[in-house]
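Written below as structure tokens is the structure these notes are about.
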Ligand code: ATP
Ligand code: MG
Ligand code: MG
């Protein structure tokens, strides 16, 4: 076993600074190693220490986590941007140890404590804004988190109620160094990652959309039991599919889609404009014949198929006074419009964190019509700042 055996009052020592960390509890355990709640007597406070397995691959990846978090903490005030604060890093008996500020319950736990009935809309709105503030600075720094999910978002310690922070940069990477293709936890995995297409910080915005839906519904929106099941759910619930120009060049397209028509005659890079796609998701039987294995299909959580119907009908709020009902219904419409901009198949059209943070669902402004985000400024593209209109048609509606 490559884990350190931890007992209460076990002391982890930073031999350079002589700082002692006294283990008091285990907070988490995973493939990477263990997270312990530790007492620091000099400051009379607890910290969380992530103790990485003493194997080279984990050690190397944890160094990336340290580098990315240190850079983020230095560049931006972690107290204002909802990203966990890193405190110390040392090697103890060939285990890399990283200490963090002590945080509280993770958002999956919070959903579970609430019996999977979803959180109140004002809380969903508040958490959305805070996660977006974290995503804004990550994008500014060119960092992709790659594992955004409720388990990796923690409530602050009880002194700051209703505050959350993003943790676990153990899978994060720089936007210009996207080397891994098997990333993101399945329910929160973006279509471009499933398809083996090039990816950007926009994959975190997809995960963010999944998280917002789950905080509200209490249950995951796309609980894909396999990648095929995941894609099928996305297509069904969103009523669309990845655009042809992506399907035409993505590595994994043949695994999930069949081509139903000629794509000859199209120049390289030219977008098929016949109105209908030439790609169709494979049936289960076809997938099985093609991949020589049955696709794993999970159970359904909702009695509705379309996003609009799911969000309009779940979760049931009992005993709402009449005047609250119309307000809640309007906020649900705002939420649907918000989710539509995040759960956009085309990563180029998907809203950026800066665009999403100005949505009425987040700002609390009265929601009247589909949100049209301001054009996104692109960073120094070809020596000049160019802007693209992400939504020339005026948005989605229902
Ligand atoms: P895996 O990727 O295998 O899930 P991991 O890389 O996710 O492991 P972390 O997410 O960083 O490891 O930490 C694991 C768990 O430890 C978290 O889900 C959380 O419950 C707990 N934890 C981590 N950091 C803190 C912290 N600063 N304060 C309190 N609890 C923490
Ligand atoms: Mg984690
Ligand atoms: Mg992790």
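None of the figures in this text is laboratory data; all of them are computed from the coordinates on show. Keep in mind that what you see is a predicted model, and the values were worked out from it rather than measured. Heads up, the Cβs are rebuilt from the backbone with ideal geometry, glycines too, and the neighbour counts pull from every protein chain shown.
Can you put 248, 20 in order of Cβ neighbours within 10 angstrom, beginning with the fewest? Display every interim value, and only then the final one.
Values: 248 18, 20 14.
So the residues, fewest neighbours to most, are 20, 248.
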- Write down, largest first, the equivalent ellipsoid semi-axes of the range 123-193 in whole Å, where each equals the square root of 5 times an eigenvalue of the alpha-carbon gyration tensor. 24, 13, 11
- Query: Between residue 326 and residue 377, how many nm apart are label points set 7 Å from Cα along the C-beta direction?
  - Reply: 4.1 nm
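Subtract the Cα-Cα distance of residue 29 and residue 309 from 0.36 nm times their separation in residues, and report this length gain in nm to one decimal.
Values: separation 280, 0.36 × 280 = 100.80 nm, distance 3.79 nm.
Going from the current span to full extension adds 97.0 nm.
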- Query: Fewest first, what order do 79, 88 take by the number of other Cβ atoms within 10 Å?
  - Reply: 79, 88
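Could you work out the per residue convex hull volume over the alpha carbons of the range 284-327, in cubic angstrom? Intermediate values should be presented prior to the final figure.
Values: hull volume 3.8 nm³, N = 44.
Cα-based convex hull of the range 284-327, divided per residue, equals 86 Å³.
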- Note on the structure: Taking a label point 7 Å from the Cα of residue 64 along Cα-to-Cβ, the residues of the range 124-157 whose backbone nitrogen sits under 16 Å from it are 142-148
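Packing-wise, with mean Cβ within 10 Å as the measure, how do 204-210, 98-104, 159-165 rank, highest first?
Details: 204-210: 25.4, 98-104: 20.3, 159-165: 14.7.
Averaged packing, sorted descending, gives the order 204-210, 98-104, 159-165.
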- Note the angle between two axes, namely the Cα long axis of helix 121-140 and the longest principal axis of the Cα atoms of the chain, as a number of degrees from 0 to 90, rounded to the nearest 10. 80 degrees
- At a Förster radius of 22 Å, what calculated FRET efficiency corresponds to the Cβ-Cβ distance of residue 291 and residue 180, to the nearest 0.05? 0.50
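Rank the residues 200, 178, 31, 368 as a footprinting-exposure proxy: fewest other Cβ atoms within 10 Å of their Cβ go first.
Working: 200 19, 178 16, 31 7, 368 10.
Ranked by crowding around the Cβ, least crowded first: 31, 368, 178, 200.
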- Task: Arrange the peptides 314-322, 109-117, 68-76 so that the one whose residues have, on average, the most other Cβ atoms within 10 Å appears first.
- Result: 68-76, 109-117, 314-322
- Using a 10 angstrom cutoff on alpha carbons, build the Gaussian network for the chain and name the most mobile of 196, 28, 170. 28
- Message: Give me the three principal axis extents of the range 1-48 from the C-alpha atoms, as integers in angstrom, largest value leading.
- Response: 31, 21, 16
- Item | Spatial extent of the range 195-249: Rg and Dmax, with the Cα atoms as the point set, Å | 12.1, 36
- Please give the length that would be gained between residue 41 and residue 1 if that part of the chain were fully extended, namely 0.36 nm times their separation in residues minus their C-alpha to C-alpha distance (nm, one decimal). 11.4 nm
- Report, as a whole number in µm² per second, the diffusion coefficient that Stokes-Einstein gives for the range 158-247 at 4 °C and 1.567 mPa s using the Kirkwood radius over alpha carbon pairs. 89 µm²/s
- Which percent of Cα-Cα pairs in the chain sits in each 10 Å bin, short to long? 4, 20, 30, 25, 15, 5, 1, 0
- Helix 56-75 versus the longest principal axis of the chain: what is the Cα-based angle in degrees, 0 to 90, to the nearest 10? 80 degrees
